[in-house]
Amino acid sequence: MSLLEIKDLCKEFEGVTPLKSINLTVEQGEVISIIGPSGTGKSTLLRCINRLETPTSGSVIIDGEDVCTKGTDLTAVRKKVGMVFQSFNLFGHKNIIENIIMPQMDLSGKDRNQAKKEALLQLRKVGLEEKAYNMPDAPSRLSKITPLPPLAYEVWLLVSVFENNPMFAESMPDFSKAVFISS
């Protein structure tokens, strides 16, 4: 069984159809990139995968479950599918480690000590453990920090609208069910 399978996915907006009959299969451990000019539906596809957008038609099957069926528990889907946005969605009023600890506690139910240990492990992987208590304000660090919250709460699938960050792919082998998709 594939970790992610997209079947005949379509998304229409008023007067625009960025996704038309998209089919894609991604196996466990695979790293793929979706490339194309601006406005061709790359981000829309990634938003459909974790259901930030509702597809007009088609299926998105994650680990055997069609997340497009009516009544799907979207909170459960988003616990499996982490998303990293282009705009570095970190809490500016919290330090780096708090930005990594919070989703683990909220989404995975880890206690604070477990979450802190995992956060420090993730920061060590990208060479920023010594910056754990700094504020996330340096652009050079943001690109390394932004993917860590979903990786720390052990998502099965990580999608990113982030361009050109090889660190993501380097981190993925540590996660047994992880897939990284970048646009």
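When Y133 is tested against (1) in a helix (DSSP H, G or I); (2) modelled with pLDDT of 85 or more, exactly one condition is not met: (1). From the list K7, K79, the lone residue that is within 30 Å of M135 (Cα to Cα) and open to solvent by 50 Å² or more (accessible area, probe 1.4 Å) is K79. Note on the range 55-73: among residues that are in a loop (DSSP other than H, G, I, E, B) and free of Cβ contacts under 8 Å to residues at least 24 places away in the same chain, the one that is least open to solvent (accessible area, probe 1.4 Å) is V67.
Being under 16 Å from V67 (Cα atoms) and at pLDDT 85 or above is the filter here, so list the residues in the range 2-25 that pass it.
Initial filter on the range 2-25 (under 16 Å from V67 (Cα atoms)): 2-11, 22-25.
Listed by number, the residues that qualify are L4, E5, I6, K7, D8, L9, C10, K11, I22, N23, L24, T25.
Collect the residues in the range 32-46 that are open to solvent by 70 Å² or more (accessible area, probe 1.4 Å) and either in contact (Cβ under 8 Å) with a residue 12 or more places away in the chain or closer than 12 Å to C10 by Cα (or both), keeping them in residue-number order. S33, I35, G39 - these are the residues of the range 32-46 that are open to solvent by 70 Å² or more (accessible area, probe 1.4 Å) and either in contact (Cβ under 8 Å) with a residue 12 or more places away in the chain or closer than 12 Å to C10 by Cα (or both).
For the residues I22, I35, the requirement of being aliphatic (A, V, I, L, M), farther than 13 Å from G58 by Cβ and under 21 Å from the mean Cα position of the chain (by Cα) singles out I35. Which one is surrounded by the most Cβ atoms within 10 Å (Cβ to Cβ) among residues in the range 95-118 that are at pLDDT below 85 and among the small types (G, A, S)? By that ranking, first place goes to S108.
The values are calculated or read from the model by the stated rules, or taken from the named source; none is laboratory data. Every value quoted in this text rests on a predicted model; they were computed, and no experiment measured them. Counting neighbours? That spans all protein chains shown, and the Cβs are built from the backbone with ideal geometry, glycine included. Side chains are part of the model used for accessible areas, which takes the heavy atoms of the whole protein and leaves out ligands, DNA and RNA. Shrake-Rupley method; radii C 1.70, N 1.55, O 1.52, S 1.80 Å.
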